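The values are calculated or read from the model by the stated rules, or taken from the named source; none is laboratory data. Because the structure is a prediction, the values reported are computed rather than measured. Neighbour counts run over all protein chains shown; Cβ positions are idealised from the backbone, glycine included.
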C-alpha cells in the first residue's frame, strides 16, 4: 500500500513506469538504504526559471534528519540555486556546492568530493540526470544544461538510490525504455543515469516519505514528519512551486494539504 500511496494523483506516467519495477520497489530501496547508511550523501535541487523548485529539498532535509537520528553521517550536495536556498533556510546538514561547469572539471570535482566524504551510499531526490544526448532537460523538454551541475557524475559508485517523478531524474536510466513509452517527450528528456534502486512517485518528496515509512516499520519508530516547517523555510529562502512558478507552500502544483494527506496515509501504514 505504501507504493500505491506515493503514486496517488500521478499525472506523469509514473504508474506505467512502475510496471518495469518490482511491486515493492520502495520497500526494496528502503531495505537497501538501511544496510548502507553509515555515511549518506544526498543530492537534490532542480532548476526552474531561475530558482530552485520545492520538490526535492524538503524530502532531502527530512530524510537527512531521520538518518542522522539513526546514527548516520549525512551531507547534501547541490548546485548554486539550491545551495543558496538551503543555506538561507539554515538546514541542519552539511551542504556542498557542486559547480556548474564542464565535463572534465565536473569529474575532477566529483572525484575530490567522493574522496573527501567517502559515502557508503548516494541518494538522489528530484535531481536532473543527463539524457541520451548528454544534455539536461526539464519536463517541457527545454534544455537546462547551462543551469545544471553535472552531479550525476557522482553516480558511478556501486551503491545508490534514485527518487524521481518525471523520467528526467537520476535513476530513471533503470527504466529508460518505459520512460520513452509512458512519459510525454520521454524519448528526449529521459535520463540514462542508473542507480542501484529506483523509487518512482507522483511527487519526488512523496517517494522519500515512502522510504521513511518503510524505515519507520523496520526501526519500530516513527520517522515521518510533517513537511510544513521545512517547506515554509525553503519558500521563504527563495524556492518556488514548479506548478505555479510562485513562492507558495505547494510542490509540483500540489497543496500542502494534499502532501499532508499523503503523509497521514503513510503514517497509518506504519501502524506506529
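Among the residues of the stretch 78-105, those identified as more than 21 Å from residue 241 (Cα to Cα) and in contact with a strand residue (DSSP E or B) (Cβ under 9 Å, 6 or more places away or on another chain) are 93, 94, 95, 96, 97, 98. All conditions in (1) in contact with a helix residue (DSSP H, G or I) (Cβ under 6 Å, 6 or more places away or on another chain); (2) closer than 20 Å to residue 68 by Cβ hold for residue 220, with the sole exception of (1).
Might you let me know whether the stretch 113-122 holds any residue that is part of a loop (DSSP other than H, G, I, E, B) and crowded, with 21+ Cβ neighbours inside 10 Å? Yes, the stretch 113-122 has at least one match. With respect to the conditions (1) without any contact (Cβ under 8 Å) to a residue 60 or more places away in the chain; (2) under 16 Å from residue 19 (Cα atoms), residue 199 falls short on a single one, namely (1). Taken as a whole, the condition of being over 20 Å from residue 179 (Cβ atoms) and part of a strand (DSSP E or B) applies to residue 76. For the stretch 228-259, a residue qualifies if it is in a strand (DSSP E or B) and either under 22 Å from residue 92 (Cα atoms) or touching a residue at least 24 places away in the same chain (Cβ under 8 Å) (or both), and the qualifying residues are 240, 241, 250, 251, 254. The listed residues are 87, 104, and the only one of them that is surrounded by fewer than 24 Cβ atoms within 10 Å (Cβ to Cβ) and farther than 18 Å from residue 239 by Cα turns out to be 104. Taking residues in the stretch 132-146 that are on the phi > 0 side of the Ramachandran plot and assigned to a loop (DSSP other than H, G, I, E, B), and partners anywhere that are surrounded by 11 or more Cβ atoms within 10 Å (Cβ to Cβ) and modelled with pLDDT of 95 or more, the pairs with Cβ atoms closer than 6 Å and at least 6 places apart or on different chains are 141/185; 141/188; 141/189. The residues of the stretch 144-182 that are out of contact with any strand residue (DSSP E or B) (no Cβ under 9 Å at 6 or more places or on another chain), crowded, with 24+ Cβ neighbours inside 10 Å and farther than 18 Å from residue 242 by Cα amount to a single one, 150. Assessment of the stretch 53-65 against the conditions (surrounded by 24 or more Cβ atoms within 10 Å (Cβ to Cβ), assigned to a strand (DSSP E or B) and either touching a residue at least 24 places away in the same chain (Cβ under 8 Å) or under 15 Å from the mean Cα position of the chain (by Cα) (or both)) yields at least one matching residue.
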